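Visitor: Mind having a look at this structure? Questions to follow.
The values are calculated or read from the model by the stated rules, or taken from the named source; none is laboratory data. Predicted model only: the values in this text are computed from it and were never measured. Cβ atoms come from the backbone with ideal geometry, glycine included; neighbour counts cover every protein chain shown. With ligands, DNA and RNA removed, areas are computed over all heavy atoms of the protein, side chains included. Shrake-Rupley method; radii C 1.70, N 1.55, O 1.52, S 1.80 Å.
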Amino acid sequence: TLFRSAVEYCSSLEYGGYSDWRLPSPEEFATIIDFGKQPAVDSDKLPMPKTSNKNFWTRTELASSNLANPKFWYVNFSNGETVDDEDNAKYVRCVRGSQIEKPQFKVLSETVEDTVHNLIWTKDVNSTLSTWEAALNYCQTLEYGGHSDWRLPSINELASILDYSQKEPASQFPDLTSTYFWSSTSSSYIPNAWTVIFSSGKIISTTDKTNNARVICVR
């Protein structure tokens, strides 16, 4: 199904006794992704027929898209990545219920608090590009803002500061650079780890742990 047809399908769907269905956002799809599996859904805990190894539209257009060549976000459940594409055919799964809130940032002297997700982030992003192991060690040994219980964020935590209505960076986090950031989550593609590319909002699983990326810590 093409993107506009996917949006219309969900908005007009009557299913299970409900008519308030919608096409999911990337954030909503992230709640059913198992980032450590291939395919990236735990079918034992969450039976989702016809999900494995398929691409599903989200309802979100790429913030840097243009009218002549629009692009939209989709989730690839073969690996769990959130990436963008032109209006090519994808599968459709609808959702209903309360929408996921965007992060709300409270900037303090040394930290940034996300009051929606109850996470506290280092205000300063480590300026040194690090391998994955070095990134883990950096956060684990960090003493900053009067605290020593910092950690490298999981992919869910790191993705929680994304805002797909923004571009370069795709977040309202203050002074966040538009580049690759490490998460602590290993990929099923050994020896890779999950990263977020904040210039666009892509969530990818194919960054080799020996490569270099930026580091931000959370507690």
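Visitor: Identify the residue in segment 187-219 that is under 21 Å from ILE33 (Cβ atoms) and of a type in the set (Ser, Thr, Tyr) and, among all such residues, is surrounded by the fewest Cβ atoms within 10 Å (Cβ to Cβ).
Guide: Among them, the one singled out is THR206.
Visitor: Additional query: Restrict the check to segment 166-185 and report whether at least one residue is among the small types (Gly, Ala, Ser), in contact (Cβ under 8 Å) with a residue 24 or more places away in the chain and over 19 Å from LYS37 (Cβ atoms). Walk me through it before giving the result.
Guide: Quick first cut of segment 166-185, residues among the small types (Gly, Ala, Ser) only: 170-171, 178, 183-184.
Imposing the further condition that a residue be in contact (Cβ under 8 Å) with a residue 24 or more places away in the chain reduces the set to 170-171, 183-184.
Still in the list and also over 19 Å from LYS37 (Cβ atoms): 170-171.
Looking through segment 166-185, at least one residue is among the small types (Gly, Ala, Ser), in contact (Cβ under 8 Å) with a residue 24 or more places away in the chain and over 19 Å from LYS37 (Cβ atoms).
Visitor: Continuing with the same structure: Which ones in segment 1-16 are open to solvent by 80 Å² or more (accessible area, probe 1.4 Å) and free of Cβ contacts under 8 Å to residues at least 12 places away in the same chain? Quick ask: steps written out before the conclusion?
Guide: Filtering segment 1-16 for residues open to solvent by 80 Å² or more (accessible area, probe 1.4 Å) gives 2, 4, 8-9, 12, 14-15.
Those that are open to solvent by 80 Å² or more (accessible area, probe 1.4 Å) and free of Cβ contacts under 8 Å to residues at least 12 places away in the same chain: GLU8, SER12, GLU14.
Visitor: Here's something else I'd like to know. I'd like to know if segment 55-66 contains one or more residues that are without any contact (Cβ under 8 Å) to a residue 60 or more places away in the chain, outside any strand (DSSP E or B) and open to solvent by 60 Å² or more (accessible area, probe 1.4 Å). So that I can check it myself, show each step before the final result.
Guide: First pass over segment 55-66, keeping only residues without any contact (Cβ under 8 Å) to a residue 60 or more places away in the chain: 55-59, 61, 65-66.
Of the ones still in play, those that are also outside any strand (DSSP E or B) are 65.
Right, trim to open to solvent by 60 Å² or more (accessible area, probe 1.4 Å) and you get none.
No, segment 55-66 contains no residue that is without any contact (Cβ under 8 Å) to a residue 60 or more places away in the chain, outside any strand (DSSP E or B) and open to solvent by 60 Å² or more (accessible area, probe 1.4 Å).
Visitor: Check ASN79, ASN88 and return the single one that is under 22 Å from ARG22 (Cβ atoms) and either aliphatic (A, V, I, L, M) or assigned to a loop (DSSP other than H, G, I, E, B) (or both). Full working, then the answer.
Guide: Values: ASN79 fails: under 22 Å from ARG22 (Cβ atoms).
Only one candidate qualifies: ASN88.
Visitor: Restricting to strands (runs of 3 or more DSSP E) lying wholly in segment 118-219: which have 2 or more residues that are of a type in the set (Val, Ile, Thr)?
Guide: Working: elements: 119-122, 126-130, 180-186, 192-197, 202-208, 213-215.
Those strands (runs of 3 or more DSSP E) span 119-122, 192-197, 202-208.
Visitor: Can I ask one more? For segment 42-91, enumerate the residues that are among the aliphatic types (A, V, I, L, M) and under 18 Å from GLU27 (Cβ atoms). Reasoning before the result, please.
Guide: The initial filter retains those residues of segment 42-91 that are among the aliphatic types (A, V, I, L, M), namely 46, 48, 62-63, 67-68, 75, 83, 89.
Scanning segment 42-91 gives LEU46, MET48, LEU62, ALA63, VAL75, VAL83.
Visitor: Still on this model: Which of the residues that make up segment 186-202 are in contact (Cβ under 8 Å) with a residue 60 or more places away in the chain, small (Gly, Ala, Ser) and under 20 Å from TYR74 (Cβ atoms)? Quick ask: steps written out before the conclusion?
Guide: Restricting attention to segment 186-202, the residues satisfying the condition of being in contact (Cβ under 8 Å) with a residue 60 or more places away in the chain are 186-189, 193-194, 200-202.
Subsequent filtering for residues that are small (Gly, Ala, Ser) retains 186-188, 193, 200-201.
Residues satisfying the conditions are SER187, SER188, SER200, GLY201.
Visitor: Can I ask one more? Please indicate, with yes or no, whether at least one residue in segment 174-186 is on the phi > 0 side of the Ramachandran plot and surrounded by 15 or more Cβ atoms within 10 Å (Cβ to Cβ). Let's see the steps before the verdict.
Guide: Here is the first cut: in segment 174-186, the residues on the phi > 0 side of the Ramachandran plot are 175.
When the remaining residues are screened for being surrounded by 15 or more Cβ atoms within 10 Å (Cβ to Cβ), the result is none.
Looking through segment 174-186, none of the residues is on the phi > 0 side of the Ramachandran plot and surrounded by 15 or more Cβ atoms within 10 Å (Cβ to Cβ).
Visitor: If you take the residues of segment 24-54 that are more than 28 Å from SER171 (Cα to Cα) and open to solvent by less than 40 Å² (accessible area, probe 1.4 Å), which of them is modelled with the lowest pLDDT?
Guide: ASP42
Visitor: For the list (1) more than 29 Å from THR51 (Cβ to Cβ); (2) touching a residue at least 40 places away in the same chain (Cβ under 8 Å), I need the number of the one condition that TRP132 fails.
Guide: TRP132 satisfies all of (1) more than 29 Å from THR51 (Cβ to Cβ); (2) touching a residue at least 40 places away in the same chain (Cβ under 8 Å) except (1).
Visitor: Still on this structure, please answer the following. Where residues in segment 117-126 are in contact (Cβ under 8 Å) with a residue 40 or more places away in the chain, open to solvent by 40 Å² or more (accessible area, probe 1.4 Å) and out of contact with any helix residue (DSSP H, G or I) (no Cβ under 9 Å at 6 or more places or on another chain), which of them is farthest from GLU157 (Cα to Cα)? Even if it seems obvious, please write down each step before you answer.
Guide: Taking segment 117-126 and keeping what is in contact (Cβ under 8 Å) with a residue 40 or more places away in the chain, we get 117, 119-123, 125-126.
Checking which are open to solvent by 40 Å² or more (accessible area, probe 1.4 Å) leaves us with 117, 120, 123.
Checking the rest, the ones that are also out of contact with any helix residue (DSSP H, G or I) (no Cβ under 9 Å at 6 or more places or on another chain) come to 120, 123.
On the way: ILE120: 11, LYS123: 15 Å.
For segment 117-126, the residue satisfying everything is LYS123.
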